[in-house]
Amino acid sequence: MTKTKIPRTALHFETSPCGRCYGSGYFGPKVVKGGICFQCGGSGRLLTRRGKTARDRYDALLVKRLGRPAADLKPGDVVWSHYMTIVDGWKPVDSVKAWRTVEDVEVKEHAPHTYTVNGEERTQQDTSVTIRFKSARGEKTVYLTATREHLAEWLIPVNDTAAVADIMRTIAAKYTGAWMDGEEPPARPVRKPRPAKTEEPKPAPAPKPLPANLYPGDCRKCGTLVAAGEGERECVDGRWTVQHKDGECQERPAAEEPKQTAQEEPQREERPAMVNKFEGECVRCGILVAAEKGERIRVEGEWATRHPTGTCPPPPGPAADGTPAVLITRSRLYPEVARRGPAWQWTYDYAMNGAPAIGYGPGLASLREMLRRKYGRRVRIVEGWKTTAPAD
C-alpha cells in the first residue's frame, strides 16, 4: 500500500487569545486531561469573526469539491476532519479540524425498529459508522450514529493536493480573515468612534381637545352657568368639572360684603352643673369633695367633680409653732405614645403654706421623703384627695 503524505496546511486564519484561559491554554484542575482549556483545546487561540467566516467557507468548499460519503472511506485515506476525545468522567472534547489519516472504518447495520406517527406505523433501520484516526496519544475517537437516509449526506473531504491548493488560494484571495504562507496577515480593522447622537428635541405633542360637556354646570374658572354642549368637561383631581371654552369665561360677580349689624349675637347660656353623686377630687383645688356637696361637670370629654364657685376651702397654713404645711394634689398623666401597661399614671404637685403649686411628677413616696428632707421631719403633709378640709 502506498504511504499517503499528510499535506501541511499552508492557509492561516485570523485568531485572537482565548477569553476563557486568557491565551494560556490551561484552565481548571490538572487531573482532567492535564488542565487544558476545553474552549480552545489547549491552543490558547480562538478564531475571530473574520477568521471563522473564512474557515467555514474553506470547509464548505472542501466538502463540495472533495467530499466522499463516510461509509466509502478506507484505511489510509487522508481526510479533513475532527474527532471527539472521550475523557473519563467528563464531557467529550471536540478537537480542531486538520488533515488526519484514517486507521479503521466500521459500518454496522442495526436491527430495524418500528414506531408510530399519527397512527401510522413506520419502520426505520439505523446504520452507525465509526471512524478511528491514527493518534500518538491513543485517544478513542468516535463519530455519532447516522441513519441510512442521512448517511449519504455525511461527506468527508479526501485529500487531493492540487484541488486543496486551489481552494486555499481562492479563500486567501477572497476573505480578509485568511492568508497563505509568506504573506503578511491583513491589518485588523480599526474601529471608528461612533459619532455622538445629536437628536433634535421632539416638539411637544399638541394638546388633545377636551370633550364637550353633556350636562349644564357651573364653570370652575368663573363660576357662571355653562349650558349643555357649549363648554368643555375636564377631569380634575379625579372629578369631572365643567368650564367655558378658552376666551369665553365671563367676569365673576363681586361677592357682597356682609352687613354689619349693631346688635350682638346672643351668648349661649351655660348649662347648669349637676350635683355630684359620688365623692371626688376638685379639678380646681385638688381637695376631696364629699358626695352631693359639689358639682359634676364635663371637662375635655370626661366627667369631673368640683366645688361650687367660690367655695373651695383655703389651703393649709403653718401651725402655731411655725411648722410648715404642704398640700399635695394629683392629676392623671396620659402618655404621648401608646405603650404597654396602664393607660395613665398619677402625677403630683405640692404647695407650701398656700403658695403657688410646684410640679413634681410621679412617685408619691419619693415626694414625701423629699418634703421631709427639705422642710424637716415635723412638716405637715396634707393629701388633698383624702380630706375635705385641709386647713383643719
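Since every read-out is calculated from the coordinates, none of them should be taken as a lab result. Everything numeric here is computed off the predicted structure, so don't read it as measured data. Here Cβ is always computed from backbone atoms with ideal geometry, including for glycine, and neighbour counts include all displayed protein chains.
If the chain between Arg239 and Asp160 were fully stretched, how many nm would it gain, using 0.36 nm times the residue separation less the Cα-Cα distance? Let's see the in-between values first.
On the way: separation 79, 0.36 × 79 = 28.44 nm, distance 8.65 nm.
This chain segment gains 19.8 nm when fully extended.
Can you pull out the trypsin sites (Lys or Arg not before Pro) in region 296-388 that DSSP calls coil and that have at most 12 other Cβ atoms within 10 Å? Please report the intermediate quantities before stating the final value.
Numbers: sites: Arg296, Arg298, Arg306, Arg330, Arg332, Arg339, Arg340, Arg368, Arg372, Arg373, Lys374, Arg377, Arg378, Arg380, Lys386; in loops: Arg339, Arg340, Arg377, Arg378.
Listed in order of number, the matching sites are Arg339, Arg340, Arg377, Arg378.
Any idea how far the Cα center of region 274-300 sits from the one of region 302-346, in Å?
13 Å
Give the relative contact order (percent, whole number) for region 274-386; include only Cα pairs under 8 Å separated by 6+ residues.
24 percent
Which one, Gly354, Met370, Ala389, projects farthest toward the positive side of the charge dipole computed for region 299-392 from Cβ point charges (K/R +1, D/E -1)?
Most positive-ward Cα: Met370.
For the peptides 45-52, 179-186, what is the packing order when you average, over each peptide's residues, the other Cβ atoms within 10 Å and list the highest mean first?
On the way: 45-52: 16.2, 179-186: 11.9.
So the order, starting with the most tightly packed, is 45-52, 179-186.
Using a ≥ b ≥ c from the Cα gyration tensor of region 274-386 (square roots of the eigenvalues), is it rounded, prolate or oblate, where a/c under 1.5 gives rounded and otherwise the larger of a/b and b/c decides, a/b for prolate? Mind dumping the intermediate values first?
Working: a/c = 2.63, a/b = 1.22, b/c = 2.16.
Oblate is the answer for region 274-386, as a/c is 1.5 or above yet b/c matches or exceeds a/b.
Cross-link partners among lysines for Lys134, C-alpha distance below 26 Å, same-chain residues fewer than 8 apart left out?
Lys3, Lys5, Lys30, Lys33, Lys64, Lys74, Lys91, Lys97, Lys108
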